[in-house]
1. Any residue that is at pLDDT 75 or above, assigned to a loop (DSSP other than H, G, I, E, B) and either under 15 Å from the mean Cα position of the chain (by Cα) or under 30 Å from B:PHE221 (Cα atoms) (or both) - is there at least one of those in region B:318-332?
2. Taking region A:153-175 on its own, how many of its residues are surrounded by 20 or more Cβ atoms within 10 Å (Cβ to Cβ) and touching a Ser or Thr at 6+ places or on another chain (Cβ under 6 Å)?
3. Select from region A:360-399 the residues that are within 20 Å of A:LEU515 (Cα to Cα), hydroxyl-bearing (Ser, Thr, Tyr) and out of contact with any strand residue (DSSP E or B) (no Cβ under 6 Å at 6 or more places or on another chain) and list them in ascending order.
4. If a residue counts only when it is within 20 Å of B:SER73 (Cβ to Cβ), which helices (runs of 4 or more DSSP H) contained entirely in region B:232-296 have at least 3 such residues?
5. Within region A:51-67, does at least one residue satisfy the condition of being touching a residue at least 40 places away in the same chain (Cβ under 8 Å), away from chain B (no Cβ under 14 Å) and over 30 Å from A:VAL391 (Cβ atoms)?
6. When the residues of region A:86-115 are narrowed to those that are in a loop (DSSP other than H, G, I, E, B) and under 18 Å from B:ASN102 (Cβ atoms), which ends up farthest from the other protein chains (Cβ to nearest Cβ)?
7. Quick one: B:SER45 ticks every box in (1) under 26 Å from B:ILE306 (Cα atoms); (2) in a helix (DSSP H, G or I); (3) at pLDDT below 60 except a single one, so which number is it?
8. Could you please tell me which pairs satisfy a Cβ distance under 8 Å, a separation of 6+ or placement on different chains, a first residue in region B:191-210 that is of a type in the set (Ser, Thr, Tyr), and a second residue that is crowded, with 20+ Cβ neighbours inside 10 Å?
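The values are calculated or read from the model by the stated rules, or taken from the named source; none is laboratory data. Predicted, not measured: the structure shown is a model, and the values here were computed from it. Using ideal geometry, Cβ is built from the backbone for each residue, glycine included, and neighbour counts are taken over all protein chains shown.
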Amino acid sequence: MGLLSDPNRRRALISLLTRLNAPICGMPVDWLVKTMQARGLEVFTQRFSRTLPFPDENNERYIVEGTNVYGILRAPRAPRTEALVLSAPCSPGDDNNQAVGLLLGLAHYFRNQVFWAKDIIFLVNEHDLIGMQAWLEGYHHTNTTGMDWSPLQGRGGSIQAALSLELSSDVVTSLDIVLEGLNGQLPNLDLANLFYAFCQKIGVLCTIQGRIQRNDWDSVSGYSHAVQTMMLMVMKQASGRSWGDHGLFLRYHIEAATIKGINSFRQYKTDATTVGRLLEGMYRKLNNLLERLHQSYFFYLMPSLSHFVSIGYYMPAFGLLAVILLLRALDLWVQLATPPSRNEDGVADIEQSSTGVLSVLTPLVISHLTGAALYMLPVRFQEMAVEHFQVSETEAVVLTAIAVYTGGLALPHNTHRLISGEGTEQGWRVLKLVAVLYLAVLLGCTALINFSLGFILALTLVPVASFVTPHVPKLLSAVVLVILSPAFTLLFSVFIFQELQEMPVSFQDGWMLYLSVISQGILDHYLYGSLVYPLIALMVYPCWLLFWNILFWK
Amino acid sequence: MGYFLSYYTYISFGCWVQNMLAAIIMLIFICFCVHFQNTAGQFFSSGHTNNWAVLVCTSRFWFNYRHVANTLSVYRSVKRLGIPDSHIVLMLADDMACNHRNPKPATVFSHRNMELNVYGDDVEVDYRGYEVTVENFLRVLTGRLPPSTPRSKRLLSDDRSNILIYLTGHGGNGFLKFQDSEEISNVELADAFEQMWQKRRYNELLFIIDTCQGASMYERFYSPNIMALASSQVGEDSLSHQPDLAIGVHLMDRYTFYLLEFLEDIHPASKSNMNDLFKVCPKSQCVSTPGHRTDLFLRDPGSVLITDFFGSVRKVEITMEAIHLTDPILQLEDGPMSEEVQEKTYSYVDQLPVSEIIHQKPKQKDWHPPDGFILGLWTLILLVFFKTYGIKHLKHIF
């Protein structure tokens, strides 16, 4: 409806702004291009821009424009069919100031070797995940998130593996590997094993989730340490967000991980040269690969760098939870199938059972409409909310979401006016049968894609789903049902997450953190295509509302 | 009278002495002749007049560097001991020297720290890359090549050739993998050798194989004059020797590494025999148990020189005798010649040595419980029986 809706005009405006020297985020593009060319790489740049659906208060950005700079080191004797990527996000300030230097040093060293069989792409992306998304979309010619980017002039082959570097100081005490990617996807376990093998070979301390592994597995404290590490991984995976720049590569079946350098108070420090040697070793190993990494597990949980729990071990736990739902469904089916024992209500019962399905349809439709409202209203009506209330856009979005969520709790009292007849014993049973089966299928599908999310939802929803009937004490079960609803699960997870990371927060800070988590979740969905927010809004929340309906069934 | 007697005795004595002398001289002469006959016999005792070598590496990809290094080290030894390139058929399935990942291009090393470059600068590869297939290998052995094939790709051996065949790569029980996509079985190989025997394409054949479970490949040979060596028995893996940290791969397999060490000590005049070759790489060095097979070989392995197969030794014998060619060449009589000809008639070997196959040790088969189908069939029969005649008949059985 204006100048910015046409992509061509948008691009023209962006280039005009650039020519007018509008300040673009502090990345030294020209210097990077010159330095990379001096190292003998083929250098290209890519411009991108994106207007976020609402301002991102964590990173303080709303209209994002940036430039990615990447240099390709061509393999001296090989055809240009495969590539490896080494990337360092460049943000203004001190966040990642050493990684680019290490990247350039490695480029210089790699250029002098003759044994590269794949092209190596050294990428410096701006605005971390947004820039990475723009680059990947440009590289693979896809456009799934509506971002605006200039096409890539230079290309390597198909990317086999990628590593992202985050280094804030030139000496590190330990290296941390981050594996969790978008939608809970993980790289092949071989990549983590490669990192660990090289850490041991070079003698650098390596951690996962920022925790050092202990050797005493038999003692209680050692075991609980491992369990806490694994719980951290579960929570990070369940959030569905990409915890490093690598997370966006996984969607394209490119194995990627992020390596973070941590400088804490420890005696033994490693300098950047050693980190460079570690990376060089990893890249030589990846260079010798003849196929993509596929021999090891794609679904695993790691209590430490040297141990993992494979899908064969943790899936049965989820399966047992799902079986509870199926048994409850079977029980309800049997109850529905037995003929009614009372004769005076015989005719009325038969009448009611024939309209049973229709009476179930109404709560279903209304719950899903509420879910759709929860999905669409917060972002669409933020301007209206900002006009009427004195809040910023982000707060408007989050508070609208919470308001719609709480508003849904009032529904059962209103739904029954819409049903033609009064609900009966048959009616709530049919509704519960449908709801339980729906929940089972939903949780099963979620656990297949993102096990941690499915498991956490199953832990909180399955007990309630099995036991809720209209006949249990209403107030107590209402409170329990609300406490185990997805929103409160998220609140508790935030607190537990902070607790596990040994940074416990007060209730005030926790609440603000919770609000920011909700806004980040919504932003992740719009920016990168994370599926957690639509899943919870459109499927899990309506399912939970069905059980709320059953509780207040009359 | 006495005087006459003594004189007669003296003369007879002299005659006797003369006769003795003549006899002795005659005896010595005959002995000499016989001795010459023996050395002359020894001169041709090995029976071959030329040497060929067929060296095959069957695996590709960078991490199979060691198989190419194996083959090239045997090539190097064979060439050093005298077999020329025209008599060597070298088949390498992949190019390691010019692989993109080789940090030292144009070299293939066999020893750590890059001590020995077996690629050198005069390697002649006859079959390279994708040309190394089972079909091409068998065609080379049997000689069934299209007329357009160049001479360097042919095995032009005759019935007086000693052939060395060396195979290396990945193998299993009864097969050898070619190029990651096909296999040659031990039966095929045995039949190919039989074809070679029937077409008189070899005098004696030495077969060496360095793969996992290599002994299974020579189990099925049935043609005469074949001696076989393998690096490991059935059920054992052949292990690689040492990795080089700069190149990043394992450089050689253990058996061929120690074989190369052994061959480096052989020179064209050495008298080492096959028994020494059997002792190469005992279990303590190789971890697997090398095996050999000599039952098809007619000569005693102790009398077979290493250079009979690995080298191309021209025998030179200097004789002090003068051979007079003044007598006219006599017409050959028909009688003894025809006998000789009759002695030398050839006959076909047993096409299918049934008796041998029958008396081979039977393979140990694991007992499996009866097949599901048979169980089902019996159950069906039982059910029908009891349905027809009633369940009360069960009582009669139990």
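1. No, every residue in region B:318-332 fails to be at pLDDT 75 or above, assigned to a loop (DSSP other than H, G, I, E, B) and either under 15 Å from the mean Cα position of the chain (by Cα) or under 30 Å from B:PHE221 (Cα atoms) (or both).
2. Selection size over region A:153-175: 3.
3. A:TYR375, A:SER392
4. In region B:232-296, the matching helices (runs of 4 or more DSSP H) lie at B:254-264, B:274-278.
5. Among the residues of region A:51-67, at least one is touching a residue at least 40 places away in the same chain (Cβ under 8 Å), away from chain B (no Cβ under 14 Å) and over 30 Å from A:VAL391 (Cβ atoms), which makes the answer yes.
6. The residue in question is A:ASN112.
7. Looking at each condition in turn, B:SER45 falls short on (2).
8. B:TYR202/B:SER157; B:TYR202/B:SER161; B:TYR202/B:ASN162; B:TYR202/B:ILE163; B:TYR202/B:MET196
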